[in-house]
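Peer 1: Got a structure for you, questions after.
The values are calculated or read from the model by the stated rules, or taken from the named source; none is laboratory data. Computed from a predicted structure; not experimentally measured. Cβ coordinates were reconstructed from backbone atoms using ideal geometry, including for glycine residues, and neighbour counts include every protein chain displayed. Quick note on the areas: whole protein, heavy atoms, side chains included, nothing else; ligands and nucleic acids left out. Shrake-Rupley method; radii C 1.70, N 1.55, O 1.52, S 1.80 Å.
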Amino acid sequence: MNKIAIIGLGYVGLPLARLFATKYQVVGFDINQKRIKELCSGTDSTLEVSDEVLQKVLVNDFKNNENGLLCSSTLEDISDCNYYIVTVPTPVDKNNRPDLTPLYKASETVGKVLKKGDIVIYESTVYPGATEEECIPVLEKVSGLKFNDDFFAGYSPERINPGDKEHTVEKILKVTAGSTPEIGLKVNELYKSVIIAGTHLAPTIKVAEAAKVIENSQRDINIAFVNELAKIFNLMQIDTQAVLEAAGTKWNFLPFKPGLVGGHCIGVDPYYLAQKAQELGYHPEIILAGRRMNDSMGEYVASQVVKLMIKKGISVSGASLLMLGITFKENCPDVRNTKIVGVVAALADYGITVSIYDPWANPLEVLHEYGLETTTDLPNQKFEAVVLAVAHESFLDLDLPSLQSNNSLLYDVKGILDIVVDGKL
């Protein structure tokens, strides 16, 4: 009988644990005791799993349950599992170098309870080779077991799209791989049993790792291209959105839009591939050029806002500005690697006083991560500039004129407003 441990209950781990728990005994493990307490009460603050759906699979033990989800921060609770699925984040540091610390620590945790015959599957996004070169040695060292003799490994890259209630985990085709052909089939069958969209068994773990990292690198480069177009067309005083709409009438034109590229995938994964390429003596020009372009957009948006304020005769130094949104994407509470922070910092450098309103973001989390104060309550004052930075649906219902002082600037980063604005990407 399969018993599965999910290591890390964030945006990726919890939806996966919930799904597997419909057919298997699943222990969701996380070192964050506050998170475990929250989940045990039947609530998910990431909003990836509804309270109703979560509560249907939660169990206190497996004595009378053939399936279900037990959430725990106690190592003993995962000691009798035979599948361990690691879903911890893989961020970059301040120099944009891959930070594998969460992956190392998760591997150490699994190593402490690893037994003969167990299979460890990694879902975290990494560069090709990381699973076998970085994670497996940790498992061997801590457990004292030998790889591919005593225990085995698999890789199935996560494809979670935070905030997306249509493309949920079971509806997204899953790439799988194993450390041996036989283990590959076992890993594939495990996922195939719950993923209704189907699976694709890759020939090796490295192939599966590479497939994941290029998915988001490709999107990053395409967005960088339209961001560069936006800069060019702004100089030419041409509406970028209108140009993209016209070009999109051709059947094979790719529908990308300009914007701020943040989050835990697109804004991070290219650095993992670039780092590995550089270690091998190759300088990836296109990948890093795309990253430079997208990383520059926060300062570019701020400079555009300031230029428009000057044109309208608004005194920049000391001006009040309302930033609508701080999360990395719309209709989602996720603030990881949000590029709005760069816009705020650049505006503050100009002497502008920025207030941030986001009904989706947790103010305590934003304060902890970025040192910025935010509010979930709409400010009761008028501002000399309003910047719509995130396309939350609720922002479409705002009475924007009530937030603007006389001769106020309105800048629509996402280009979602139907009303006349002073500027947009």
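Peer 1: Suppose R0 equals 30 Å; then what is the FRET efficiency for ASN148 and LYS94 from their Cβ-Cβ distance, rounded to the nearest 0.05?
Peer 2: On the way: r = 37 Å, r/R0 = 1.23.
Between ASN148 and LYS94 the formula returns 0.25.
Peer 1: Once both labels are modelled 7 Å past Cα along the beta-carbon direction, what's the SER402-PHE62 spacing in nm?
Peer 2: The modelled label-to-label distance comes out at 5.4 nm.
Peer 1: Got a sec to turn the phi values of the stretch 157-167 into Karplus ³J(HN,Hα) couplings, 6.51 cos²θ - 1.76 cosθ + 1.60 with θ = phi - 60°, whole Hz, x for Gly and Pro?
Peer 2: The phi angles translate into x, 5, 10, 5, 10, x, x, 8, 8, 9, 8 Hz.
Peer 1: Taking the Cα-to-Cβ direction at LYS115 and at SER315 and moving 7 Å from each Cα, how far apart do the two end points lie in nm?
Peer 2: About 7.3 nm separates the two model spin labels.
Peer 1: Under 5 Å between amide H atoms, partner at least 5 residues away or on a different chain: which partners does THR176 have, H built in plane at 1.01 Å?
Peer 2: Here HIS200, LEU201, ALA202 satisfy the definition.
Peer 1: On a full-extension model of 0.36 nm per residue, what is the gain between ASP239 and GLU108, subtracting their alpha-carbon distance, rounded to one decimal in nm? It would help to have the intermediate numbers written out before the result.
Peer 2: Working: separation 131, 0.36 × 131 = 47.16 nm, distance 5.27 nm.
The span from ASP239 to GLU108 would gain 41.9 nm if fully extended.
Peer 1: Moving on to the next point. With a Förster radius of 25 Å, plug the Cβ-Cβ distance of THR101 and ASN222 into 1/(1 + (r/R0)^6) and report the FRET value to the nearest 0.05. List each step's numbers first, then the result.
Peer 2: Values: r = 30 Å, r/R0 = 1.21.
Once rounded, the FRET efficiency stands at 0.25.
Peer 1: Please list, in order, the residues from the stretch 72-103 whose amide nitrogen is less than 19 Å from a point placed 7 Å along the Cα→Cβ vector of GLN33.
Peer 2: 72-78
Peer 1: Rolling a 1.4 Å sphere over the protein heavy atoms, what is the accessible area per residue of the stretch 100-165, to the nearest Å²?
Peer 2: Details: 2410 Å² over 66 residues.
Per-residue value: 36 Å².
Peer 1: Looking at VAL113, SER296, ASN161, which one has the Cα that reaches farthest to the positive end of the dipole of the chain (charges on Cβ: Lys, Arg +1; Asp, Glu -1)?
Peer 2: SER296
Peer 1: For the stretch 281-294, what does the Karplus curve 6.51 cos²θ - 1.76 cosθ + 1.60, with θ = phi - 60°, yield as ³J(HN,Hα) per residue in whole Hz, taken in order and with x for Gly and Pro?
Peer 2: x, 10, 9, x, 5, 5, 4, 6, 5, x, 5, 4, 4, 5
Peer 1: Accessible area of the chain with a 1.4 Å probe: how many percent of it is carbon plus sulfur?
Peer 2: Details: 10220 of 19710 Å².
Carbon plus sulfur share of accessible area: 52 percent.
Peer 1: In the chain, with Lys and Arg counted as +1 and Asp and Glu as -1 at Cβ, which of these residues, ILE352, MET236, VAL27, has the Cα nearest the positive end of the dipole, that is, farthest along it?
Peer 2: MET236
Peer 1: Okay, next question. Report, by chain and number, residues whose modeled amide H sits under 5 Å from the one on VAL86, excluding near sequence neighbours (fewer than 5 apart, same chain).
Peer 2: Result for VAL86 returns ILE7, ILE121, TYR122, GLU123.
Peer 1: So what are the three principal axis dimensions of the chain from its Cα atoms, in whole Å, longest to shortest?
Peer 2: 72, 49, 39
Peer 1: At what distance in nm do the modelled label points of LYS23 and THR43 sit from each other, each positioned 7 Å from its Cα along Cα→Cβ?
Peer 2: Rounded to a tenth, the inter-label distance reads 3.2 nm.
Peer 1: Considering only protein heavy atoms, what per residue accessible area in square angstrom results for the stretch 322-385 with a 1.4 angstrom probe? Intermediate results must be reported in sequence, preceding the final value.
Peer 2: Working: 2940 Å² over 64 residues.
On a per-residue basis, the stretch 322-385 sits at 46 Å².
Peer 1: Binning at 10 angstrom from zero up to the longest distance, how are the C-alpha pair distances of the stretch 332-415 distributed in percent?
Peer 2: 15, 52, 31, 2
Peer 1: Further, regarding this structure: With +1 on each Lys and Arg Cβ and -1 on each Asp and Glu Cβ, how big is the dipole of the chain about its Cα centre, in debye rounded to the nearest 20? All intermediate terms of the calculation are to be shown ahead of the outcome.
Peer 2: On the way: 40 positive and 54 negative charges, 102 e Å.
Here the size comes out at about 500 debye.
Peer 1: Take every DSSP beta bridge whose two residues both sit in the chain, then give the antiparallel share in percent to the nearest 5.
Peer 2: Working: 3 of 48 bridges.
The answer is about 5 percent antiparallel.
Peer 1: Still on this structure, I have one more. Quick one: Karplus J couplings for the stretch 339-347, per residue in order, coefficients 6.51, -1.76, 1.60, θ = phi - 60°, nearest Hz, x for Gly and Pro?
Peer 2: 7, 5, 4, x, 5, 4, 4, 5, 5
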